[in-house]
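A short worksheet on the structure shown next.
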Number of protein chains: 2
Amino acid sequence: MKKLTVELLLTGNELLSGDVIDSNSAFIAQQLGLLGLEVTRRVTVKDDLDMLSAEIAHQSKRADILIINGGLGPTVDDMTAHALANAANLPITCHKDAIEHLETWCKKRNYELNDANKKQAMLPQGCRIIANELGSAVGFSLVLNDCLIYTTPGVPRELKTMLRDEIIDDIRQEKHIEHTTDVSRFQVFGLGESTIQEMVNLKFPNWPQDIELGFRAAMPTLEIKLTSHQQSAHDNKPVWMKKLTDLLGAHVVGLGKTSMAQSLLEVLSERNKTVTFAESCTGGLMASQLTAMPGSSAVFEAGFVTYSNKMKSMMIDVSEQTLIEHGAVSREVVLEMLSGALNKSDADYGVAVSGIAGPSGGSEEKPVGLVWIAWGEHNNIQTCALYLPLGRTYFQQYVASAGLDLIKRHILAIEEAPVYLESRKAV
Amino acid sequence: MKKLTVELLLTGNELLSGDVIDSNSAFIAQQLGLLGLEVTRRVTVKDDLDMLSAEIAHQSKRADILIINGGLGPTVDDMTAHALANAANLPITCHKDAIEHLETWCKKRNYELNDANKKQAMLPQGCRIIANELGSAVGFSLVLNDCLIYTTPGVPRELKTMLRDEIIDDIRQEKHIEHTTDVSRFQVFGLGESTIQEMVNLKFPNWPQDIELGFRAAMPTLEIKLTSHQQSAHDNKPVWMKKLTDLLGAHVVGLGKTSMAQSLLEVLSERNKTVTFAESCTGGLMASQLTAMPGSSAVFEAGFVTYSNKMKSMMIDVSEQTLIEHGAVSREVVLEMLSGALNKSDADYGVAVSGIAGPSGGSEEKPVGLVWIAWGEHNNIQTCALYLPLGRTYFQQYVASAGLDLIKRHILAIEEAPVYLESRKAV
């Protein structure tokens, strides 16, 4: 089969002024990718009728499929229907199905159907309606110069639903596409992209060409994507997925779109256990990441944000002597912080951190970026010192993720140490 | 003067595949906006030499200024120089200044100047070099079909520096532009865009047309921008800025790009005072937002994440009787939480919150989205109940912001209550 050419046309002054960053076209490209279709060109123009009409006329001659995004709303800026009618030399008429959709939509919300809304039913004669479950503006489709054209709403959640639920299937049918793309993903912490790529090259010189390996940095974690485009590769993928996750071991946070906190929550829930945090330099970030997850109340009762030395003593019984002798950022202090937090909270497991986030507060002996972490349970506590000169924000993010990771590894009784304990070790 | 037409051309397969969201063009548009220039059209194409050459030829005939982004790197995918040479029918030659830049760049980093890098000095004959402080690829400029063309690197920080430090001034000179745009911004919490617009319309029917009012939602705060394009409006703006911030009163979080936590930090620092938080439903979010700011150790010593009832009693002395009689989400409990936290931490001020973030845990009497907040100091504590059925994430964000806002208002002794205490009030 001849390869189909796909182009996008985006309309909206806000997309050109820099007020809005266009994320719609990435979503459209990803969805089309599931059909094996590749977008080769994208044009973004102002809300100008003549410009829009000219682009549509031009693109419809170049492409087999054209997806237009934006300009379906009720205001005068919204002129996609008009522009498409001009380009196709069709009259604009009131579309029966579109007016019905509008009436139902308004009735559900107890709105009066006004003239501005009615404009959204004025469409090029003979076009086909694409349902919009979430908004007043329907999409529509027609063929011009042998190009299959779809119009879609600019509101991201309306676009996403319409594309996923309606347009992708429609294209599949109209263009007789049998191709499917399948994406599997998982999250990793503590290994960089180049390290992983190198590990793969070494371990799997025969990695199959039809399973694409992709990376997306989502600091401080990394998402790994395995993409396949044909049935034989889809079938083959679980085996390679398993080989790869086995290779990366406990550096794998979890499958799918999970997070470090979600992963720890699951491990704790399964075992009916609880965790506590004694946080100095992360200032409550571990607690807030865990409690951002629904269901966290089953595994978390208390967190101690002990930012000052005094409060390390008052709240979780760190001895003043230890603080004076070793300083707040020390192995001795995080050990006492953790013991104190476990005592006070009655939690099964805990993590304590104390470090220098910066920009100030560092010294030659204890520079900005140094952190001590203690993790474990009563009578079984481990510690490490890491050096993470990454800037305050990313330092806090990395320390929180490392804390959640280390206690998860402890609970799972994983013997192998994570790579960052060595590579990020403070000397 | 005739209005100049500006177009952009972006190149990169990753921009079309959906792997990368294009934020460069928003930055370019904003920078050009400072010269009063408006981008009217933007084309994004694959890394394909023929497509690129054709677009350059076409766009150079339409536009007065064309900015090309991407495709300057050392790999075979990078073909901007070649495409531009094709479009302009110029030979590619080794550019003396570019090769010098490469040599210096490599020497600084102790790299060997290899053939791949040398490719970056092969440019259309007669073009002018644009310096790149941060990367190996220089930009360059030439005129084709009376269109002033610039090529820029795709790496965002290289693009930003080159645009700001070199290209904007170059355009100003080449096109004899005297126009300047000035943007002033401030942050607001607790008032929506439409409410503010209505307040402005009512209070200032004579709002000057040459000072544009813009809004950008940055949940849960809102950024307000005042943009002017000529000297008389620049001069006039401080007066209107003052009128507007006076109108919005303490709903103004602060001027510039500040945050709620930063604003509270400043208020506390100036007074040499400290704050503490007793957090149930926000799980440490207030503490982590405050400690994300450098300098927070001067105003914050301790936070109590008391997620369970037991820990509300153990950590900050909430009486079990009160918990049984009124439930954890109640005025009585947040009052005791705050008193306990103030006692334990010795802080001057404090905030306590207890609510139902959901998705589960709600009842008819106490639905998901209900929160009780207490704030103040010893012997002067206020409380409120808000109903914020916004989903777990945004609920937590809103409650944290409201907590920080309410204690700031208390410290500043602002008598007028924020609008959300009424509009978001739980009945």
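Computed quantities for the displayed model
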quantity: Criterion violated by A:GLY256 - all others in (1) modelled with pLDDT under 95; (2) under 28 Å from A:VAL371 (Cβ atoms) satisfied; calculated: (2)
quantity: Residue check, B:ARG172 at pLDDT 90 or above, of a type outside the set (S, T, N, Q), in contact with a Lys or Arg (Cβ under 6 Å, 6 or more places away or on another chain) and on the phi < 0 side of the Ramachandran plot; calculated: no
quantity: Check on B:LYS237, under 23 Å from the mean Cα position of the chain (by Cα), more than 14 Å from every other protein chain (Cβ to nearest Cβ) and open to solvent by 60 Å² or more (accessible area, probe 1.4 Å); calculated: no
quantity: Where a residue in the stretch B:387-401 is away from chain A (no Cβ under 14 Å) and its partner, wherever it lies, is part of a strand (DSSP E or B), with Cβ under 9 Å and at least six apart; calculated: B:TYR387/B:LEU370; B:TYR387/B:VAL371; B:TYR387/B:LYS425; B:LEU388/B:GLY355; B:LEU388/B:LEU370; B:LEU388/B:VAL371; B:PRO389/B:LEU370
quantity: Of all residues in the stretch A:295-336 being more than 13 Å from chain B (Cβ to nearest Cβ) and touching a residue at least 40 places away in the same chain (Cβ under 8 Å), the one that is nearest to the chain's Cα centre (by Cα); calculated: A:VAL334
quantity: Residue that is in contact with a strand residue (DSSP E or B) (Cβ under 8 Å, 6 or more places away or on another chain), away from chain A (no Cβ under 14 Å), touching a residue at least 12 places away in the same chain (Cβ under 8 Å) and buried (at least 21 other Cβ atoms within 10 Å of the Cβ), where the choices are B:ILE373, B:ILE381; calculated: B:ILE373
quantity: Helices (runs of 4 or more DSSP H) within the stretch A:125-240 that include 1 or more residues in contact with a Pro (Cβ under 9 Å, 6 or more places away or on another chain); calculated: A:156-162
quantity: Condition check for A:ALA87: within 22 Å of A:ASP47 (Cα to Cα) and open to solvent by less than 70 Å² (accessible area, probe 1.4 Å); calculated: yes
quantity: Meets criteria (closer than 22 Å to B:GLN125 by Cα, out of contact with any His (no Cβ under 9 Å at 6 or more places or on another chain) and hydroxyl-bearing (Ser, Thr, Tyr)) for B:THR44; calculated: no
quantity: Candidates A:ILE168, A:ILE177, A:ILE149, filtered to the one that is under 27 Å from the mean Cα position of the chain (by Cα), farther than 30 Å from A:TYR394 by Cα and in contact (Cβ under 8 Å) with a residue 60 or more places away in the chain; calculated: A:ILE168
quantity: Scan of the stretch A:290-317 for residues that are out of contact with any Lys or Arg (no Cβ under 8 Å at 6 or more places or on another chain), closer than 20 Å to A:ILE356 by Cβ and not in a helix (DSSP H, G or I), ordered by number; calculated: A:VAL305, A:TYR307, A:SER308
quantity: Checking A:CYS106 against (1) part of a helix (DSSP H, G or I); (2) open to solvent by 20 Å² or more (accessible area, probe 1.4 Å), the condition it does not meet; calculated: (2)
quantity: Sole residue being at positive phi and touching a Pro at 6+ places or on another chain (Cβ under 9 Å), chosen from B:GLY256, B:GLY283, B:GLY249; calculated: B:GLY249
quantity: All positions within the stretch A:172-189 that are over 28 Å from A:MET219 (Cα atoms), in contact with a helix residue (DSSP H, G or I) (Cβ under 8 Å, 6 or more places away or on another chain) and surrounded by 15 or more Cβ atoms within 10 Å (Cβ to Cβ); calculated: A:ILE177
quantity: Extreme residue, nearest to the chain's Cα centre (by Cα), among residues of the stretch A:17-48 that are over 30 Å from A:THR180 (Cα atoms) and at pLDDT below 95; calculated: A:VAL20
quantity: Checklist (1) over 31 Å from the mean Cα position of the chain (by Cα); (2) closer than 20 Å to A:ALA426 by Cβ; (3) open to solvent by less than 10 Å² (accessible area, probe 1.4 Å) applied to A:ALA341, failing item; calculated: (2)
quantity: Residue in the stretch A:4-15 that is closer than 16 Å to A:LYS160 by Cβ, assigned to a loop (DSSP other than H, G, I, E, B) and open to solvent by 20 Å² or more (accessible area, probe 1.4 Å) present; calculated: no
quantity: Subset of the stretch B:46-76 [open to solvent by 40 Å² or more (accessible area, probe 1.4 Å), of a type outside the set (Asp, Glu) and not in a helix (DSSP H, G or I)]; calculated: B:LYS46, B:PRO74, B:THR75, B:VAL76
quantity: Residue within the stretch A:358-377 that is part of a helix (DSSP H, G or I) and in the same structural domain as A:ASN272 (by TED's automatic domain parsing) present; calculated: no
quantity: Count - residues of the stretch B:352-366 that are touching a strand residue (DSSP E or B) at 6+ places or on another chain (Cβ under 8 Å) and more than 13 Å from chain A (Cβ to nearest Cβ); calculated: 1
quantity: Residue among B:PRO153, B:PRO208 that alone is at pLDDT 90 or above and outside the structural domain of B:ALA57 (by TED's automatic domain parsing); calculated: B:PRO208
quantity: Members of the stretch A:262-294 found to be touching a residue at least 60 places away in the same chain (Cβ under 8 Å), of a type in the set (D, E, K, R) and surrounded by fewer than 22 Cβ atoms within 10 Å (Cβ to Cβ), listed by number; calculated: A:ARG271, A:LYS273
quantity: Single condition B:ASP77 does not satisfy, out of (1) charged (D, E, K, R); (2) more than 10 Å from chain A (Cβ to nearest Cβ); (3) more than 27 Å from B:HIS229 (Cα to Cα); (4) touching a Lys or Arg at 6+ places or on another chain (Cβ under 8 Å); calculated: (4)
quantity: Test for A:ILE68: is it of a type in the set (A, V, I, L, M) and more than 35 Å from the chain's Cα centre (by Cα); calculated: no
quantity: Number of positions in the stretch B:18-44 that are aliphatic (A, V, I, L, M), more than 7 Å from chain A (Cβ to nearest Cβ), more than 21 Å from B:HIS234 (Cβ to Cβ) and open to solvent by 10 Å² or more (accessible area, probe 1.4 Å); calculated: 1
quantity: Matching residues in the stretch B:390-406 - criterion: being within 11 Å of B:LEU285 (Cα to Cα) and either assigned to a loop (DSSP other than H, G, I, E, B) or open to solvent by less than 40 Å² (accessible area, probe 1.4 Å) (or both); calculated: B:GLN396, B:TYR398, B:VAL399, B:ALA400, B:SER401, B:GLY403, B:LEU404
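The values are calculated or read from the model by the stated rules, or taken from the named source; none is laboratory data. Note that the structure is a prediction, hence the values are computed from the model and not measured. Positions of Cβ are backbone-derived with ideal geometry, glycine not excepted, and every protein chain shown enters the neighbour counts. All accessible areas refer to the heavy atoms of the entire protein, side chains included, with ligands and DNA or RNA removed. Shrake-Rupley method; radii C 1.70, N 1.55, O 1.52, S 1.80 Å.
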